[in-house]
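Please treat every number below as a calculation from the coordinates, not as lab data. Please read all numbers here as calculations on a predicted model, not as lab measurements.
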Amino acid sequence: MKKADEILSRLLDKGPAGAQPFHSLFGGWQELAGQSLAEHCRAYEVRHRSLLVEADHPGWMQLLLMQKKAILARIRQRFPQLELRDIKVRVSATGGAAKPGARQPAPGVAPAPRDGEPARPPAAGPASAEVEQALATVSDPELRRKLQLLLQEMERRIDTRDRK
């Protein structure tokens, strides 16, 4: 009796012309997007020269969009025959895009303290009213802290640019 992976490999190898790049793209998504993003964002289709991706939370969607140019460049280099022009991201309706139950903090964010451990002080300073309003709907404290840092850095850069 043959294993399922052997059968699938043969089907993909002998499948319709162009099937291999798609299989390799989806199978290599973790390498292309990075482990953290791949655990929360799932590439699910190529349509009209765009890669369609589903994120399990708006914060992860934002982080993916911030890295979109670099990810698209890696895909174009590895799979030029796909001629991808864009990555389009949506938030999953169910809230679970990649691996159900996989909870990992946003990149660069320390994990939440375990029971009995003292809470760590926030890494970001006080947020402006505009940042607080933007973060009001984010319930995950780790993701909220990471997004707060990103938004504050964006504000700082805008202020610096405006002063020049």
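Run the numbers for LEU52 and LEU65: contour at 0.36 nm per residue of separation, minus the present Cα-Cα distance, in nm.
3.5 nm
Working out 0.36 nm times the residue gap between ARG156 and GLU31, then minus their Cα-Cα distance, what length gain in nm do you get to one decimal?
Length gained between ARG156 and GLU31: 41.8 nm.
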